[in-house]
Amino acid sequence: MSKAQNIFDNQDFFDGYKKLRDNRYSANDLEEKPALFSLSPDLRGKDVLDLGCGYGENCAEFKARGAASVLGVDISQKMLAVATAAHPDIEFICADMSDLSFLNRKFDVVFSSLALHYIDDFRALVRGVYSLLNAGGYFIFSQEHPLTTAPIGGAGWTKDSDGNVLHYNLTDYACCGKRITRWIVDGVEKYHRTFSEIVNTLVDAGFTVEKMLEPAPTQETIERDKSWEKDLHKPNFLLVKAMKRYE
Ligand SMILES: C[S@@+](CC[C@H](N)C(=O)[O-])C[C@H]1O[C@@H](n2cnc3c(N)ncnc32)[C@H](O)[C@@H]1O
């Protein structure tokens, strides 16, 4: 297994990412989080695992929604330092989620928000999550949209001479694998997978895919800032809700 990159412990990246997330009009807050929570089952009394939990904000929300226990896992000590300071009542473990064999307990719901595109071996991760879930449990995740991760040279747009977006530059869609991009800093490693690879991997592991979402900006968001209109050409995020039916 290749060693996972831990880019969130790079100080420049960490600072730049914090700036993005401090913006109350971030794509996370406007598009991703509402979609993620719309997929959540009733969490009251449930044991919840959050893979790539970052600052632990989602963990706190799972607890507020009545989860019996919440465990957050993240590879980044810097992200977890923020998480533990903000949410001392929640359990966090610093670990690479590429290998989940260190977890020897079961969960009712496994969430992962915007972390799976950093994982090389998606098949191993999905199998690992499947074995951690109780029957009837859910795996709910968001990731960068496959149309975003596709271009080997990084996501780009074609604009007219006035700078208006005409269309997204989709390339390399069928070429799955590692992408080394500039996002905040150079050399950020992400992994591109097609829709069919994502869905088939879940189905092969035994999951039933119940719902997929590709959130678009609301009219209100576009009216406030026209630059969001480009997300009508290409969504930023893909979200999946999958169920483990049988033990
Ligand atoms: C974009 S942030 C999202 C944080 C949080 N889930 C949220 O939505 O606010 C991605 C997180 O995934 C973590 N991550 C990336 N690769 C990981 C790995 N191999 N194992 C565990 N965590 C990982 C990063 O450290 C980072 O905290």
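The values are calculated or read from the model by the stated rules, or taken from the named source; none is laboratory data. Treat the numbers as computed from the prediction; the structure is a model and nothing was measured. Cβ coordinates were reconstructed from backbone atoms using ideal geometry, including for glycine residues, and neighbour counts include every protein chain displayed.
Quick notes on this one:
- Subset of region 21-48 (residues that are within 16 Å of L114 (Cβ to Cβ) and touching a residue at least 60 places away in the same chain (Cβ under 8 Å)): A27, N28, L30, E31, E32, K33, P34, A35, L36, S38, L39, S40
- For the residues T208, T148, the requirement of being part of a strand (DSSP E or B) and either surrounded by fewer than 20 Cβ atoms within 10 Å (Cβ to Cβ) or modelled with pLDDT of 95 or more (or both) singles out T208.
- Flag if L166 is in a helix (DSSP H, G or I), more than 16 Å from the ligand (Cβ to nearest atom) and hydrophobic (A, V, I, L, M, F, W, C): no
- For region 35-60, a tally of residues being assigned to a loop (DSSP other than H, G, I, E, B) and either among the hydroxyl-bearing types (S, T, Y) or away from the ligand (no atom under 13 Å from the Cβ) (or both) returns 9.
- Per the listing N200, N164, the residue uniquely at pLDDT below 95 and more than 14 Å from H145 (Cβ to Cβ) is N164.
- Among the residues of this structure, S98 does not count as one that is in contact with a strand residue (DSSP E or B) (Cβ under 7 Å, 6 or more places away or on another chain) and touching a residue at least 60 places away in the same chain (Cβ under 8 Å).
- Within region 5-15, the set of residues being of a type outside the set (D, E, K, R) and either modelled with pLDDT under 95 or over 18 Å from the mean Cα position of the chain (by Cα) (or both) comprises N10, Q11.
- All positions within region 72-92 that are more than 12 Å from the ligand (Cβ to nearest atom), without any contact (Cβ under 8 Å) to a residue 24 or more places away in the chain and not in a helix (DSSP H, G or I): P88, E91
- Of the residues examined, F92 is not one that is aromatic (F, W, Y), touching a strand residue (DSSP E or B) at 6+ places or on another chain (Cβ under 8 Å), buried (at least 19 other Cβ atoms within 10 Å of the Cβ) and within 21 Å of E197 (Cα to Cα).
- Close pairs from region 226-247: first closer than 25 Å to E210 by Cβ, partner of a type in the set (V, I, T) and assigned to a strand (DSSP E or B), Cβ under 6 Å, at least 6 apart: K241/I140; A242/V209; M243/T208; R245/T208
- Some residue of region 64-71 being farther than 18 Å from L125 by Cβ, within 14 Å of the ligand (Cβ to nearest atom) and either at pLDDT 95 or above or not aliphatic (A, V, I, L, M) (or both): yes
- Count of residues meeting criterion [surrounded by fewer than 16 Cβ atoms within 10 Å (Cβ to Cβ) and either free of Cβ contacts under 8 Å to residues at least 24 places away in the same chain or in contact with a His (Cβ under 7 Å, 6 or more places away or on another chain) (or both)] in region 188-203: 3
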